[in-house]
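Undergrad: Take this structure, written in structure tokens, and hold onto it; I'll ask about it next.
The values are calculated or read from the model by the stated rules, or taken from the named source; none is laboratory data. Nothing here was measured: the structure is a model prediction, and the numbers come from that model. All Cβ positions, even for glycine, are placed from backbone atoms using ideal geometry, and neighbour counts span all protein chains on display.
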Amino acid sequence: MTDISTPTHPEPVSTILSYPTRGPWGDPGYSGNMSGYVLETLIKWRSQLGLPTNFVYDPMAGSGTTHQYCRSVGIGSICTDFHNTRGGYSAAELKVGSEIRSSNDFINNFDILNFESATHVKRLILKATEGKGADLIMFHPPYWNMISYNSDARDFSQGPYSLYLRRMQKALQWLGTLLSERGMIALLLGDLRRKGQSRTYFLTDDTTSESTIQYARLEKVVRFIKIQHMTQSKGEIDGLGLRMLHEYITVMQRPNRVASTTIPKGLVIE
Ligand SMILES: C[S@@+](CC[C@H](N)C(=O)[O-])C[C@H]1O[C@@H](n2cnc3c(N)ncnc32)[C@H](O)[C@@H]1O
């Protein structure tokens, strides 16, 4: 097990993240899977700020990268997803037996905007954290309809862009209520530009606009640029004759939280 209480980065974490290999967590065959190193970096960065990460929630956990990463380093987590392929138990089961079964649960058939399921998951998170809430929420939604995850209309990859933006706003608002005192939401998203088209959908800009952030009662802390190494579209030239090989991680928190954090001596943050 990795000791996450001791920062192992010799240097402060950079705002440009690049992981040429994705690591052993999750399923590389699952469309849109992320690298577990994202979590490693975010947790180390928080640790450098003096912020422990004892509990992680991933509401759209896909192939289970967060689930497996957290298990491998001994951090408590709950992961949910609309998909039903990862084992675990279903959101419907939550309604009958709402006891948390282990500190690393994966809940399938879960719609983030279903009030009843969301309420159950919130209860589980509060129970698992003795009422404190999640220290880190790894939020990696569909990049609108870049990949169709499910033909069900509740899936975020379905419907018009305006609906996607409204759903993201609601989701962020709910996620904000699950955070611990110094908790953070890390939103991983890329822009969308189709082959043969010049229009760019600035998903990160649009889902984290000032009005959305205020609506969700959050504030933006920092944005990381993440280099994409293993995307399906790697090598494809988009409608502007470019290869889009980056995405963003936008970190949000409840207002004025990091400001009161003690920065460890010797760590220069510019
Ligand atoms: C980009 S993938 C996440 C990939 C994941 N980070 C991994 O490493 O495998 C987005 C996920 O959002 C899920 N999703 C879409 N709409 C949802 C909804 N309404 N509620 C919960 N999950 C949803 C999809 O099933 C998909 O697995």
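Undergrad: Answer with yes or no whether residue 21 is of a type in the set (Ser, Thr, Tyr), modelled with pLDDT of 95 or more, part of a loop (DSSP other than H, G, I, E, B) and more than 9 Å from the ligand (Cβ to nearest atom).
TA: No.
Undergrad: What's the total number of residues in the range 119-148 that are of a type in the set (A, V, I, L, M, F, W, C), modelled with pLDDT under 95 and in contact with a strand residue (DSSP E or B) (Cβ under 9 Å, 6 or more places away or on another chain)?
TA: The total comes to 5.
Undergrad: Go through the range 173-229 and report how many residues are in a strand (DSSP E or B), aliphatic (A, V, I, L, M) and over 14 Å from the mean Cα position of the chain (by Cα).
TA: Residues in the range 173-229 being in a strand (DSSP E or B), aliphatic (A, V, I, L, M) and over 14 Å from the mean Cα position of the chain (by Cα): 5 in total.
Undergrad: Ok, one more. Would you check which residues across the range 115-143 are outside any helix (DSSP H, G or I), surrounded by 14 or more Cβ atoms within 10 Å (Cβ to Cβ) and more than 15 Å from the ligand (Cβ to nearest atom) and list them?
TA: Kept after step one, since they are outside any helix (DSSP H, G or I), are these residues of the range 115-143: 129-143.
Among the residues that remain, those that are also surrounded by 14 or more Cβ atoms within 10 Å (Cβ to Cβ) are: 129, 132-143.
Answer for the range 115-143, where residues must be outside any helix (DSSP H, G or I), surrounded by 14 or more Cβ atoms within 10 Å (Cβ to Cβ) and more than 15 Å from the ligand (Cβ to nearest atom): 129, 132, 133, 134, 135.
Undergrad: Here is a list of conditions, (1) surrounded by 15 or more Cβ atoms within 10 Å (Cβ to Cβ); (2) modelled with pLDDT of 95 or more; (3) in contact with a strand residue (DSSP E or B) (Cβ under 7 Å, 6 or more places away or on another chain), and residue 161 meets all of them except one; can you say which number that is?
TA: (1)
Undergrad: Considering only the range 157-172, state which residues are within 11 Å of the ligand (Cβ to nearest atom) and out of contact with any helix residue (DSSP H, G or I) (no Cβ under 6 Å at 6 or more places or on another chain).
TA: 157, 158, 159, 164, 167, 170, 171
Undergrad: Check the range 103-114 and report whether any residue there is modelled with pLDDT of 90 or more and buried (at least 21 other Cβ atoms within 10 Å of the Cβ).
TA: yes
Undergrad: Next question. Looking at 241, 266 in this structure, which one is over 19 Å from the mean Cα position of the chain (by Cα), modelled with pLDDT of 85 or more and farther than 16 Å from residue 18 by Cα?
TA: Just a single option satisfies the conditions, and that option is 241.
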